[in-house]
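The numbers here are math on the coordinates, done by the rules we state, and not lab data. Since we're looking at a predicted model, the values are computed, not measured. Ideal geometry is used to build each Cβ from the backbone, glycine not excepted, and the neighbour counts take in all protein chains shown.
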Amino acid sequence: MERRAFLGSLGAPILAACTVCMAACSKSSGSSSATPVSADFTIDLGTNLLTVGSTIVQSGVIVVRLAAGNLPASFTAVAVACTHEGTSINYNAAGNKFICPNHGSTFSTNGTVTLGPAGSSLKQFNITINGASMRVNG
Ligand code: FES
């Protein structure tokens with residue numbers, strides 16, 4: 001087989017392989033590349049999350065005190081990784097929302113997307129409180 005014919009015969013398979021590879025490696029806007037997390041941990045409310053607006057990030061979860069009192073409704077816990085490309089979100093107390101510093105997606109305190117490009121909600125975790133011990137799991 002001549003060199004030219006040999007290289008010509010490689011063209012179609014290589015092009016097909018590159019197309020598959022590029023599709024697998026590309027990211028589309030609004031899709032989730034963040035790995036869903038599961039977590040189960042406790043927080044001592046006697047020494048943590050004492051003021052409204054304070055946050056803790058642990059095991060891939062951001063926990064926020066939204067109101068006074070040690071009731072589950074006084075807190076929220078959502079996955080810290082933005083569902084767009086996985087950047088860690090921040091809690092914005094003034095706006096009572098989460099904001100991703102990478103491309104500006106925003107999420108409500110229960111993790112619902114309120115502004116893209118993120119296309120899916122943050123996972124919200126269960127909160128139970130026993131005395132001064134908060135359990136976050138999900
Ligand atoms: S990583 Fe793009 S908006 Fe969060």
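Overview of results
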| read-out | value |
| --- | --- |
| Cα-projected label distance for Leu66 with Asn96, points at 7 Å along beta-carbon direction, nm | 0.8 nm |
| Gained length - Ala73 relative to Ser120, 0.36 nm times residue gap less alpha-carbon distance | 14.6 nm |
| Computed log₁₀ I(q)/I(0) - Debye formula, equal Cα scatterers, no solvent, segment 40-137, q 0.10, 0.19, 0.20 Å⁻¹ | -0.24, -0.82, -0.90 |
| Fewest-first sequence of Phe98, Phe107 by Cβ atoms within 10 Å of each Cβ | Phe107, Phe98 |
| Spin-label pair Thr42/Asn137, simplified geometry with 7 Å Cα→Cβ offset, distance in nm | 1.1 nm |
